[in-house]
Amino acid sequence: MAKICASLLAADYACLGEEMRRAEAAGADSFHFDMMDGHYVPNLALTPDHLKALRPYSHLSFHAHLELNNPDDVLFKFEPMQANTAIVQWNTLSDPSRIIKRIHSQAMKAGLGFGPDDPLDEASHFFQDVDLILILGVYPGFGGQSMLPGTHEKIMSARHMSDRINPRIRIAVDGGVKPENAAGLVEAGADTLIMGTALFQSSDMAETIASIREAIAGLSDR
Ligand code: DX5
Ligand code: ZN
């Protein structure tokens, strides 16, 4: 069954640890930390210090999503065992192989993130080496946006490419995911649904997660 990953960008910043406990109790499978630099996107968000401070609050997997221009500068600040996966944006990379190796050398899984205007085919050469492909359903920078048309097709392409090159890759979708579109995204090939607003702003997070699981039950056994 596809995994539900809670994006802390939409959580209450006054009590992130409690928000994580609330999401875990509601049934979230993992956590997503958006790191922004105010340059790559016109916003600021979480930092490696948040990973460190929040690590004790959950044993679930942490994904760091580096929506910033110089991922090397930030990866340098990650301490061991804090993030399980580091996802870098494809269009920030001058040498994808090098950064994938670097992430692996820091004992993390490596993900490549693709914005709405980033073509996937150029990256096929690197599918062999990565653990996760993240398809952004929105232009990065802010939570609460509506998913853009074309997202399903891109997920389908990513799934076809990974089936051909490296079937172990996870395909995550991030931005604009909600209970109403979850089943269609899983049918397209997503196995990880990253959700901020739809979880943290819902009136009953456990009910929301349960309704998503019901909607996607039987669609995928990944
Ligand atoms: C967007 C971020 C997303 C964001 C998703 O730049 O990468 O992770 O938190 O937020 P929602 O689920 O509200 O669209
Ligand atoms: Zn993200």
(message) Quick check on segment 179-206: of everything there that is within 14 Å of ligand 2 (Cβ to nearest atom) and part of a helix (DSSP H, G or I), which residue is most open to solvent (accessible area, probe 1.4 Å)?
(response) THR197
(request) Within segment 27-37, count every residue that is open to solvent by 20 Å² or more (accessible area, probe 1.4 Å) and on the phi < 0 side of the Ramachandran plot. (result) 2
(request) Give segment 116-146 a look and list any residue that's among the small types (Gly, Ala, Ser), under 20 Å from ASP191 (Cα atoms) and crowded, with 21+ Cβ neighbours inside 10 Å, or say none. (result) GLY137
(request) Hey, can you tell me all the residues within segment 149-178 that are in a helix (DSSP H, G or I) and of a type in the set (Val, Ile, Thr)? (result) THR151, ILE155, ILE165
(message) Checking LEU75 against (1) closer than 24 Å to LEU199 by Cα; (2) in contact with a Lys or Arg (Cβ under 7 Å, 6 or more places away or on another chain); (3) hydrophobic (A, V, I, L, M, F, W, C), only one condition comes out false. Which one?
(response) (1)
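Here is a yes/no grid of residues against (1) at pLDDT 95 or above; (2) touching a Leu at 6+ places or on another chain (Cβ under 6 Å):
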| residue | (1), (2) |
| --- | --- |
| LYS178 | yes, no |
| THR192 | yes, no |
| THR197 | yes, no |
| PHE200 | yes, no |
| MET205 | yes, yes |
| ILE212 | yes, no |
| SER220 | no, no |
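Can you say whether SER105 is more than 16 Å from ligand 1 (Cβ to nearest atom) and open to solvent by less than 30 Å² (accessible area, probe 1.4 Å), as far as the supplied structure shows? Break it down into steps so the answer makes sense when it comes.
Working: more than 16 Å from ligand 1 (Cβ to nearest atom): yes; open to solvent by less than 30 Å² (accessible area, probe 1.4 Å): no.
For SER105, the condition - more than 16 Å from ligand 1 (Cβ to nearest atom) and open to solvent by less than 30 Å² (accessible area, probe 1.4 Å) - is not met.
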(message) Just the residues that are out of contact with any Phe, Trp or Tyr (no Cβ under 6 Å at 6 or more places or on another chain) and among the aliphatic types (A, V, I, L, M), please, taken from segment 92-119.
(response) LEU93, ILE99, ILE100, ILE103, ALA107, MET108, ALA110
(message) I need a count of the residues in segment 1-23 that are open to solvent by 70 Å² or more (accessible area, probe 1.4 Å), at pLDDT 95 or above and under 21 Å from ARG213 (Cα atoms).
(response) 3
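The values are calculated or read from the model by the stated rules, or taken from the named source; none is laboratory data. Since we're looking at a predicted model, the values are computed, not measured. Heads up, the Cβs are rebuilt from the backbone with ideal geometry, glycines too, and the neighbour counts pull from every protein chain shown. In case anyone asks, the SASA skips ligands and DNA or RNA and just uses the protein heavy atoms, side chains included. Shrake-Rupley method; radii C 1.70, N 1.55, O 1.52, S 1.80 Å.
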